[in-house]
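Chemist: Got a structure for you, written out below as structure tokens; questions coming shortly.
The values are calculated or read from the model by the stated rules, or taken from the named source; none is laboratory data. This one's a predicted model, so the numbers in the text were calculated from it and none came from an experiment. We place every Cβ from the backbone using ideal geometry, glycine too, and count neighbours over all the protein chains shown.
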Amino acid sequence: MQEIILNEDPMSKRYLPNISVDSVIFGFHNRQLKVLLLRFKNTEMYALPGGFIDKGEDLEDSVKRILLERTGLHDIYLEQFGTFGSKQRAYGEVHKAVAEAIGKTFDPNAWVAQRFVTVCYYALVDFHNTIPSPDPASDLCDWFDINEMPNLMFDHNEIVQQALASLRLMLDHKLVAFNLMPDMFTMNDLQSLYETILGKKLLRTNFQRKMLSLGILERVDKQWTGGAHKAAYLYRFDKNKYEEMQKEEANSIGK
């Protein structure tokens, strides 16, 4: 979501014209895949976190800046998954409604009312470490189950669906799901995450065998929830082993 600034001149001086960034921020909690959304002040209008690119700023740095402001987190896993540039991507009427909701007059010729091409990323965060914070145009920044989201403004529903499709494709290729897990987790926790993202049940024995065969899980201890028959091993994602595996794979391709 772009901050609604009604004076065109400061915007045009600071930001690159006609290009923005939008982020689909995924978290996992209570066996639900969640998306972080913003709500415009004094409205029931929801949108994804986003913003503009400073003229002296790299594209990805602008995304990291906005994510830090919305989540309070550094070192977030990011994946660029698409660009949206429909000729209909000019939302002057939406910005007008937002401005009027906070008692301001909106100039239809303002910089923010022009057509924008947006570069989209998805971000994977640990739900429990996130501190959701609204931007200046919003009065709410909160998590929503991806299956129970409100209707989003602009083309953001389409962006979320494309982000989810990209996330599913990357589950095995880049093992991105581990970025949604806490430091320690059970195999059942991990399987639940995969099933939630994929939208289908997985065979427990096959899933466990596959995960352990990767050689990137460190078994830590047992999580006791009752009798001995209920004990489950705790695991930790070994990032160093994963990076070594990626390097070996890259080297083998280069030979």
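Chemist: So is Ile131 exposed (fewer than 13 other Cβ atoms within 10 Å of the Cβ), under 16 Å from the mean Cα position of the chain (by Cα) and within 20 Å of Phe40 (Cα to Cα) or not? Walk me through how you get there before you give the answer.
Modeler: On the way: exposed (fewer than 13 other Cβ atoms within 10 Å of the Cβ): yes; under 16 Å from the mean Cα position of the chain (by Cα): yes; within 20 Å of Phe40 (Cα to Cα): yes.
Yes; evaluated as a whole, the condition is true for this residue.
Chemist: If you don't mind, there's one more thing I want to ask. Of the residues that make up the stretch 39-52, is at least one of a type in the set (Ser, Thr, Tyr) and part of a loop (DSSP other than H, G, I, E, B)?
Modeler: If we filter the stretch 39-52 for residues that are of a type in the set (Ser, Thr, Tyr), which is where we start, we get 43, 46.
With the extra rule that they be part of a loop (DSSP other than H, G, I, E, B), the set shrinks to 43.
The answer is yes, given that some residue of the stretch 39-52 is of a type in the set (Ser, Thr, Tyr) and part of a loop (DSSP other than H, G, I, E, B).
Chemist: If Val119 passes every condition in (1) touching a His at 6+ places or on another chain (Cβ under 8 Å); (2) within 24 Å of Gln161 (Cα to Cα); (3) not basic (Lys, Arg) but one, which one does it miss?
Modeler: Against the list (1) touching a His at 6+ places or on another chain (Cβ under 8 Å); (2) within 24 Å of Gln161 (Cα to Cα); (3) not basic (Lys, Arg), Val119 comes up short only on (1).
Chemist: Here is a further query. Among (1) crowded, with 18+ Cβ neighbours inside 10 Å; (2) at pLDDT 95 or above, which single condition is Ile216 missing?
Modeler: The one condition Ile216 does not meet is (2).
Chemist: Name the residues in the stretch 26-81 that are within 21 Å of Asp145 (Cβ to Cβ) and among the aliphatic types (A, V, I, L, M), would you?
Modeler: Of everything in the stretch 26-81, those that are within 21 Å of Asp145 (Cβ to Cβ) and among the aliphatic types (A, V, I, L, M) turn out to be Leu33, Val35, Leu36, Leu37, Leu38, Met45, Ala47, Leu48, Leu67, Leu73, Ile76.
Chemist: Which residues, counting only those in the stretch 181-200, are polar (S, T, N, Q) and closer than 19 Å to Leu214 by Cα?
Modeler: Kept after step one, since they are polar (S, T, N, Q), are these residues of the stretch 181-200: 186, 188, 191-192, 196.
The answer is Thr186, Asn188, Gln191, Ser192.
Chemist: Next up: Quick test of your reading of the structure: Met149 fulfils all but one of (1) within 15 Å of the chain's Cα centre (by Cα); (2) part of a helix (DSSP H, G or I); (3) modelled with pLDDT of 95 or more. Name the failing condition by number.
Modeler: (2)
Chemist: Using the structure shown, decide if Leu164 is at pLDDT 95 or above and not β-branched (Val, Ile, Thr). Please lay out each step first, then the result.
Modeler: Working: at pLDDT 95 or above: yes; not β-branched (Val, Ile, Thr): yes.
When the stated conditions are applied, Leu164 passes them.
Chemist: Here's a follow-up. Any chance you could count how many residues in the stretch 81-107 are touching a helix residue (DSSP H, G or I) at 6+ places or on another chain (Cβ under 8 Å) and either loosely packed, with under 14 Cβ neighbours inside 10 Å or outside any helix (DSSP H, G or I) (or both)?
Modeler: Here the count works out to 8.
Chemist: When you check His128 against the structure, is it more than 19 Å from Arg65 (Cα to Cα), of a type outside the set (Phe, Trp, Tyr) and modelled with pLDDT under 95, yes or no? So that I can check it myself, show each step before the final result.
Modeler: Values: more than 19 Å from Arg65 (Cα to Cα): yes; of a type outside the set (Phe, Trp, Tyr): yes; modelled with pLDDT under 95: yes.
So His128 fits the description; yes.
Chemist: Looking at Leu202, Leu175, Leu190, can you tell me which residue is out of contact with any Cys (no Cβ under 6 Å at 6 or more places or on another chain) and either basic (Lys, Arg) or surrounded by 17 or more Cβ atoms within 10 Å (Cβ to Cβ) (or both)? So that I can check it myself, show each step before the final result.
Modeler: Details: Leu202 fails: either basic (Lys, Arg) or surrounded by 17 or more Cβ atoms within 10 Å (Cβ to Cβ) (or both); Leu175 fails: either basic (Lys, Arg) or surrounded by 17 or more Cβ atoms within 10 Å (Cβ to Cβ) (or both).
Leu190 is the lone residue from the list that is out of contact with any Cys (no Cβ under 6 Å at 6 or more places or on another chain) and either basic (Lys, Arg) or surrounded by 17 or more Cβ atoms within 10 Å (Cβ to Cβ) (or both).
Chemist: Would you check which residues across the stretch 221-240 are within 20 Å of Tyr194 (Cβ to Cβ), at pLDDT 85 or above and either among the aliphatic types (A, V, I, L, M) or within 28 Å of the chain's Cα centre (by Cα) (or both) and list them? Explain how you work it out, then say what you get.
Modeler: Taking the stretch 221-240 first, the residues within 20 Å of Tyr194 (Cβ to Cβ) are 223, 232-239.
Still in the list and also at pLDDT 85 or above: 233-239.
Once the filter is applied, which keeps residues that are within 20 Å of Tyr194 (Cβ to Cβ), at pLDDT 85 or above and either among the aliphatic types (A, V, I, L, M) or within 28 Å of the chain's Cα centre (by Cα) (or both), the stretch 221-240 yields Leu234, Tyr235, Arg236, Phe237, Asp238, Lys239.
Chemist: Scan the stretch 182-198 and give yes if some residue there is of a type in the set (Val, Ile, Thr) and under 14 Å from Leu124 (Cβ atoms), otherwise no.
Modeler: Scanning the stretch 182-198 turns up at least one residue that is of a type in the set (Val, Ile, Thr) and under 14 Å from Leu124 (Cβ atoms).
Chemist: Going through the stretch 138-188 one residue at a time, which ones are closer than 17 Å to Met45 by Cα and out of contact with any Leu (no Cβ under 8 Å at 6 or more places or on another chain)?
Modeler: Asp139, Glu148, Asn151, Met153, Phe154, Asp155, Asn157, Glu158
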